1. Let me spell it out: the conditions are (1) in contact (Cβ under 8 Å) with a residue 24 or more places away in the chain; (2) more than 14 Å from the chain's Cα centre (by Cα), and A:G257 meets all of them except one. Which number is the exception?
2. Which of the residues belonging to segment B:151-194 are out of contact with any strand residue (DSSP E or B) (no Cβ under 8 Å at 6 or more places or on another chain) and β-branched (V, I, T)?
3. Can you tell me which residues in segment B:230-270 are out of contact with any strand residue (DSSP E or B) (no Cβ under 8 Å at 6 or more places or on another chain) and either surrounded by 18 or more Cβ atoms within 10 Å (Cβ to Cβ) or assigned by TED's automatic domain parsing to the domain that holds B:A169 (or both)?
4. Those residues that are in contact with an Asp or Glu (Cβ under 7 Å, 6 or more places away or on another chain) and either within 24 Å of B:G165 (Cα to Cα) or not assigned by TED's automatic domain parsing to the domain that holds B:D149 (or both), I need them from segment B:94-118; list them, please.
5. Among the numbered criteria (1) more than 30 Å from B:E236 (Cα to Cα); (2) more than 14 Å from every other protein chain (Cβ to nearest Cβ); (3) surrounded by fewer than 24 Cβ atoms within 10 Å (Cβ to Cβ); (4) touching a residue at least 60 places away in the same chain (Cβ under 8 Å), which one does A:S65 miss?
6. Scan segment A:224-250 for residues that are surrounded by 15 or more Cβ atoms within 10 Å (Cβ to Cβ) and outside any helix (DSSP H, G or I) and jot them down.
7. Out of everything in segment B:207-229 that is within 17 Å of B:Q267 (Cβ to Cβ) and away from every other protein chain (no Cβ under 12 Å), what residue ends up being surrounded by the fewest Cβ atoms within 10 Å (Cβ to Cβ)?
8. Go through B:P255, B:P203 for me and flag whichever is within 12 Å of chain A (Cβ to nearest Cβ), touching a residue at least 24 places away in the same chain (Cβ under 8 Å) and out of contact with any Leu (no Cβ under 8 Å at 6 or more places or on another chain).
Amino acid sequence: MMQRRPIVGLALVAAATGMAVAARLLVVRTLDGSLLMGWPGPTLGQFRVDAVLVACSAGAALGASGAILQTLLRNPLASPFVLGVTSGAGAGVAFASLAAAMAGIAAPTGAALGVPALAGALAALGCVLLLSRRHGALDPVTLILGGVIVGAIASAGSTVAESLLPPERRGLLTGWLFGRIPDVPDAGALAACAAAALALTGLGTAWGNRLDGAALSDDEARSIGIALGPMRTAMFIGCGVATAATVALCGPIAFVGLLAPHCARALVGARNRLLVPGAALAGAGLLTAADALRQWIDVGGGRLPLGAVTAVFGGVAFLVLLRRTAAGWMS
Amino acid sequence: MVSVSGIRHSGVRVRFRSIRTVARMPSILASLATAVLLAVTSACGRAPAEAAHAPGAGSATHIVSLSPALTRTVCMLGGQGAVVGRTPWCEAPDAVVVGTLEDRDLEAIAALRPTLILRQSRTADPALETVAASTGATVHTWHFDGVDDVRSGLDPLAKLLAAGGIAGAEAAARDLVARHQQAIAVPVRSTLPVLFLFSVDPPMAFGSGTYVDDLWRAMGGVNAVGKAGYPALTAEDVIRLAPSAVVVIGRGSLPSWLGSASPVQVQVDAPDLLEPSARMLVDGPVSLHRVDDSIAAARSGG
């Protein structure tokens with residue numbers, strides 16, 4: 001029974017995610033406020049399928065990244081945001097928009113948006129990794145500090161670029177910086193994000209036992225034969241690339257990478273072999289549920305920004321989880 | 001004031017160097033941070049330094065405008081030479097940038113010694129009022145959403161300018177209103193619901209009570225969006241609305257899914273429809289008639 005419990009927990013996570021997907025596919029509120037249930041037909045249905053694919057890919061990438069980072073950094077508050085990757089991607093898009101405005105050409109959209117986002121994300125990740133390298137290895141504490149610093153600089157850069165944009169061009173950037181599920185996702189960006197999510201989840205699952213060892217102190221991990229350095233480097237890069245792909249697809253999304261691992265941990269336990277896929281599933285479910293909520297709630301301004309929904313609901317849920325699990329989150 | 005600006009520069013540099021020494025940051029990050037800090041501090045320090053060369057320094061009325069729409073309206077009323085302070089988005093290149101409505105530089109505004117401070121908001125700004133009182137200026141606040149807001153704001157604004165010695169402001173206001181009335185008196189041919197978007201990714205619409213809605217309805221048109229304000233939509237929302245035509249105001253490529261929403265799609269680069277100013281009153285109807293012509297041409301296959 002004790003061995004079956006995590007599997008049951010994983011099944012529960014999968015079931016919850018399935019419910020979120022079904023809700024997003026079948027329920028929508030129209031602009032006049034009425035709720036419509038059922039399949040809308042192929043044309044409108046394609047938008048919903050695309051939205052689910054985007055949310056599941058991005059959520060899974062964020063969830064898996066969050067679980068791995070929390071284990072590697074031995075910090076329950078770690079998330080892809082800590083690495084500054086999201087802010088770096090935002091700065092990349094902001095400066096690309098500014099450059100387009102200065103050149104008098106249209107702002108980048110769709111696939112073109114992914115290029116500066118990825119460049120900014122990878123530049124931020126590179127800076128953070130460069131900062132945190134000590135004697136050939138990555139120092140977890142310096143990594144967090146470096147991520148915060150680089151993230152702050154990148155955010156300041158985004159603000160400067162945004163403030164210099166002419167007013168008619170600010171809306172697009174502001175909307176993107178809120179986080180969003182695109183109506184028609186760029187196929188390349190979606191494929192890249194889905195591949196990154198699958199690869200990272202697979203890697204985290206395959207290296208589950210080594211990740212468990214990484215949760216111990218460096219000396220303890222070394223004593224049981226786990227070399228943390230190369231694994232940390234590979235995992236940090238994997239998390240960075242997966243997060244960058246997510247940001248290129250959806251813009252910055254708050255809290256999913258932080259909350260999903262905690263949801264999964266409560267149901268499947270702290271063993272990474274199941275925790276990483278559980279967090280990926282939970283992330284997919286959370287982001288899909290947030291997108292579904294966004295379709296149902298009307299506070300007067302049309303559809304809410306996705307990033308605002310994840311921040312508000314994710315923040316409250318995280319506080320509840322934190323209160324319940326603070327004493328033994330890795331026990 | 002120039003020396004204050006210089007001290008601020010030095011302080012930032014010294015603090016940054018000490019941080020860099022302790023943390024031993026790599027040169028690439030240091031260069032990036034220095035560039036950002038210098039850009040920000042130089043922008044901050046520019047206003048006081050340039051105050052002495054501000055336009056309108058010798059005239060009776062010195063205007064600081066914290067709203068691009070108000071700046072444009074002041075210029076159309078003949079007060080362009082009196083604008084000494086503006087936001088980064090105002091088209092008054094000779095005036096000094098003093099920040100934005102939410103993030104205004106009070107010291108820079110005080111240094112300009114304005115007589116009028118104009119802003120668009122629904123709330124007061126006590127700190128700005130205090131600065132204004134100390135320099136003998138008065139703060140005037142409007143909120144422009146619909147056409148009536150702009151029209152009703154024209155007369156008091158013109159009176160303020162006229163009282164400050166800007167001759168012809170009141171006549172210019174009357175002329176603008178007359179031209180506006182003349183422009184909207186010509187009805188549009190498109191009487192089926194039309195959707196007006198100012199963004200396509202995500203789709204964001206001009207809803208009821210907005211100035212585009214007011215203009216279009218005044219000319220006999222029907223707005224497809226009954227929701228008030230500027231609602232954010234999804235592609236599914238747009239398709240469900242089934243408008244007779246989709247009008248996208250602005251530049252950029254149109255998404256292919258718009259074809260599922262309506263067979264008629266019109267894109268118009270009309271800055272006058274992106275800002276609730278006096279220019280919108282006069283040029284907005286002209287742009288909308290251009291839109292109407294395009295819709296008619298698309299329907300007839302032209």
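1. (2)
2. B:I166, B:V177, B:I184, B:V186, B:V188
3. Result: B:I239, B:W257.
4. First, the residues of segment B:94-118 that are in contact with an Asp or Glu (Cβ under 7 Å, 6 or more places away or on another chain): B:96, B:98-99.
Listed by number, the residues that qualify are B:V96, B:V98.
5. For A:S65, the failing item is (3).
6. Passing the criteria: only A:I226.
7. Here the residue is B:W216.
8. Working: B:P203 fails: out of contact with any Leu (no Cβ under 8 Å at 6 or more places or on another chain).
Residue meeting the stated conditions: B:P255.
The values are calculated or read from the model by the stated rules, or taken from the named source; none is laboratory data. Just so we're clear, the structure is a prediction, and the values are computed from it rather than from any experiment. Neighbour counts are summed over all protein chains in view; Cβ atoms, including those assigned to glycine, are modelled from backbone coordinates with ideal geometry.
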